[in-house]
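S.K.: Take this structure first; my questions come after.
Bear in mind that the values in this text are calculations on the coordinates, not laboratory data. From a predicted model like this one, the values you see are computed outputs, not experimental measurements. As a convention, Cβ positions derive from the backbone with ideal geometry for all residues, glycine included, and neighbour counts pool all protein chains shown.
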Amino acid sequence: MKLRVCGALLFVPTLALAQAPPKQAVLETSMGTIVMDLLAERAPNHVALFIKTAQAGGYDGTTFFRMIRYGVIQGGDPVTKDPAARAKYGSGGLNLVKPEITGEKHTRGAVSAVEVPGKPDSGGTQFFICVSDQAALDGKYSVFARVVDGMLVAQKISEAAVDAEGLAVDRIVVSKVTIRDQPPETPEPFSTESVADLAQFRAVLDTSLGLITLSFTPDQAPSHVRNFLRLAQAGVYDGMSFHRVVRGFVIQSGHLPTRASSLSESQQRYVRTMKAEFNDQVHEKGTVSMARLEDPDSASASFFIVTARATALDGKYTVFGKVESGLDVVEKIEAVAVNGETPVERVELKKVTIVRR
């Protein structure tokens with residue numbers, strides 16, 4: 001990184017910070033909002049400096065000025081407030097705080113202080129955000145925050161055009177940085193309900209060929225039921241299709257690439273693999289089961305509805321529900337023209353609505 005050393009080390013008092021509630025920083029940028037949890041317990045001096053700078057308006061009007069596509073983005077230099085000082089970008093706000101190297105990893109979303117190579121005491125107001133894992137930086141830079149919302153914004157910033165020096169061609173402005181208390185943690189949807197409560201929920205699949213209502217068996221596969229309800233309520237399934245139809249076997253949906261639009265950041269958080277919950281429910285007509293890859297614990301979002309008895313699937317795929325109504329719609333989907341196993345015309349899963357009976 002092209003940096004210039006200036007200033008002297010600044011002692012930043014942290015006693016008040018240690019006694020305060022955990023803080024967040026909200027960065028309003030010309031490409032969207034980024035929210036970071038400030039890790040005062042890991043890097044108290046860096047966090048104190050960041051808060052002091054933000055509250056004084058020191059970040060307002062600065063830019064994200066250097067980026068490596070899908071790697072890191074760099075900002076926080078007060079010099080970048082001046083468009084005419086482009087040749088000096090990366091030289092300001094340094095030598096203000098000593099390093100606070102911990103075991104915190106430079107995984108996606110980590111926020112670290114910029115330092116002049118070979119000068120560990122050169123940290124200051126400049127920072128970089130890891131858009132992807134950067135293991136080579138572990139133990140070398142002070143991680144003082146983590147992005148908790150807005151990683152897609154950071155990724156978009158990383159895609160911005162740069163010149164031969166790696167500087168952003170267009171100004172990506174941080175209009176305002178606000179410090180606030182971290183909101184209290186809330187449980188994920190459908191993570192606290194009892195098995196009896198989960199059994200009361202239904203999912204109504206609004207397809208281009210009609211409605212299908214699913215009921216669930218949380219006593220047999222509680223994690224899969226919670227997962228499906230969570231994804232459905234978050235709108236993850238909306239705009240997908242029934243991408244696979246095998247007559248006399250299954251119709252399948254939930255394949256993320258079939259979605260008409262990209263998932264939001266909050267939706268992406270809910271998409272994860274699950275441990276198998278194989279049970280003694282059989283795969284017969286109307287059974288709802290989770291698709292997976294070769295790994296038994298690789299199920300995530302894709303599911304299928306069985307259209308005929310399929311003994312070969314028993315005990316190998318996790319059954320978590322059944323069709324309560326709309327088997328005639330399942331039959332209509334099963335009967336569409338296919339090219340191999342792909343419908344010739346798209347069968348839309350327009351929306352999944354969760355209701356309670």
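S.K.: Once you have the alpha carbon radius of gyration of the stretch 46-174, what is it after dividing by 2.2 N^0.38 Å, with N set to its residue count?
M.R.: Ratio of Rg to 2.2 N^0.38 Å for the stretch 46-174: 0.97.
S.K.: Across the Cα atoms of the stretch 110-203, what radius of gyration and what greatest pairwise Cα-Cα distance (Dmax) are found, in Å?
M.R.: Taking only Cα atoms of the stretch 110-203, I get Rg and Dmax of 19.9, 61 Å.
S.K.: Return the aspartates and glutamates within reach of K350: Cα separation strictly under 15 angstrom, same-chain partners fewer than 8 residues apart disregarded; answer none if there are no such residues.
M.R.: Result set, ordered by chain and number: D206, D238.
S.K.: Tell me what the chain gives for mean residue ellipticity at 222 nm when only DSSP H runs of n ≥ 4 count, each as -39,500 (n - 2.57), the sum divided by the residue total, rounded to 500 deg cm²/dmol.
M.R.: Taken over the chain, the calculation gives -4000 deg cm²/dmol.
S.K.: Could you list V323, V26 so that the one with the fewest beta carbons within 10 Å of its beta carbon is first and the one with the most is last? Don't skip to the end; give the middle numbers.
M.R.: Working: V323 20, V26 16.
Ranking V323, V26 by Cβ neighbours within 10 Å, fewest first, gives V26, V323.
S.K.: Moving to a separate point now. Set the Förster distance to 45 Å, then compute FRET efficiency between A335 and A164 from the Cβ-Cβ distance, nearest 0.05. Write out the running numbers ahead of the final one.
M.R.: On the way: r = 59 Å, r/R0 = 1.31.
With R0 = 45 Å, the Cβ-Cβ based efficiency is 0.15.
S.K.: I would also like to ask the following. Quick check on my link table: of K81/K140; K119/K176; K23/K105; K23/K98, which ones sit more than 25 Å apart, alpha carbon to alpha carbon?
M.R.: As for pairs spanning more than 25 Å Cα to Cα, those are K81/K140; K119/K176.
S.K.: Would you calculate the volume per residue, in Å³, of the smallest convex hull containing every Cα atom of the stretch 195-356?
M.R.: 102 Å³
S.K.: Hey, what's the per residue convex hull volume over the C-alpha atoms of the stretch 299-341, in cubic angstrom? Don't jump to the answer; show the numbers that get you there.
M.R.: Details: hull volume 4.9 nm³, N = 43.
Convex hull volume per residue, Cα atoms: 114 Å³.
S.K.: Please report, to two decimal places, log10 I(q)/I(0) for the chain at q = 0.07, 0.14, 0.15 Å⁻¹ as given by the Debye formula with identical point scatterers on the Cα atoms and no solvent.
M.R.: For the requested q values the scattering log ratios are -0.43, -1.01, -1.09.
S.K.: What is the distance in Å between the Cα centroid of the stretch 320-348 and that of the stretch 111-157?
M.R.: Cα centres, the stretch 320-348 to the stretch 111-157: 48 Å.
S.K.: May I ask you to sort S191, S30 by Cβ crowding, counting other Cβ atoms within 10 Å and putting the fewest first?
M.R.: Neighbour counts put them in this order, fewest first: S191, S30.
S.K.: When we measure straight from the Cα of K88, which aspartates and glutamates land under 19 angstrom away, once same-chain ones fewer than 8 places off are left out?
M.R.: Qualifying aspartates and glutamates at Cα under 19 Å: D60, D77, E115, D163, E165, D170.
S.K.: Next question, about the same structure. Ranked by Cβ crowding within 10 angstrom, fewest neighbours first, how are H283, H243, H46 ordered? Show your work: numbers first, answer last.
M.R.: Numbers: H283 23, H243 19, H46 30.
Least crowded to most crowded, the residues run H243, H283, H46.
S.K.: Compute and list, largest first, the equivalent-ellipsoid semi-axes of the stretch 151-195 from the alpha carbon gyration tensor, each √(5λ) rounded to a whole angstrom.
M.R.: Over the Cα atoms of the stretch 151-195, the semi-axes work out to 39, 16, 6 Å.
S.K.: Same structure, new question: Whole angstrom only: what separates the Cα centroid of the stretch 171-226 from the Cα centroid of the stretch 21-81?
M.R.: Cα centroid to Cα centroid, the span is 31 Å.
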